[in-house]
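One structure is given below, encoded as structure tokens.
Nothing in this text is a laboratory measurement; each read-out follows from the coordinates by a stated rule. What you see is a predicted model; the values in this text were computed from it and never measured. We place every Cβ from the backbone using ideal geometry, glycine too, and count neighbours over all the protein chains shown.
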Amino acid sequence: MISSSVFADIGGSEVFAGLTGEDLEKLSALCEMREMDEGTTVFIENMPGESLFVVKTGTIRVSRMFAEADEKTLLVLGPGEV
């Protein structure tokens, strides 16, 4: 059974705007909901990508280390963003 919440979440994302309802259903079936605690590292630079994350609520800060202890925020993603 496809979660209508997951279907609505990815269907509302600009990235998936061109997909048909059938394509969104197929994609929804592959999705897994994850709740992350504040401050959780989701991905580290140069780590092989094995997942695609769509923000449902809250924000995700994308940052990069430029030198030892010199972390810069590149962007902040919000609901519906990938």
Task: Helical mean residue ellipticity (222 nm; -39500 (n - 2.57) per DSSP H run of 4+; nearest 500) of the chain - done: -6000 deg cm²/dmol
Open item on the list: On C-alpha positions alone, give me the angle between the axis of helix 21-30 and the longest principal axis of the chain, in degrees, nearest 10.
Closed with: 50 degrees
Open item on the list: Suppose R0 equals 30 Å. What FRET efficiency, 1/(1 + (r/R0)^6) with r the Cβ-Cβ distance, do Val62 and Glu22 give to the nearest 0.05?
Closed with: 0.45
Open item on the list: How charged is the neighbourhood of Lys56? Take every other residue with its Cβ under 14 Å from the Cβ of Lys56, and add Lys/Arg as +1 and Asp/Glu as -1.
Closed with: -3
Task: Under 14 Å, Cβ to Cβ, from Leu30 - net charge with Lys/Arg +1 and Asp/Glu -1 - done: -4
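Once the other residues with Cβ under 15 Å from the Cβ of Leu19 are scored (Lys, Arg +1; Asp, Glu -1), what is the net sum?
On the way: positive: Lys26; negative: Asp9, Glu14, Glu22, Asp23, Glu25.
It works out to a net charge of -4.
How high is the relative contact order of the chain, in percent, with contacts defined as C-alpha pairs under 8 Å that are six or more residues apart? All intermediate terms of the calculation are to be shown ahead of the outcome.
Working: 80 pairs, mean separation 25.3, N = 82.
Rounded, it is 31 percent for the chain.
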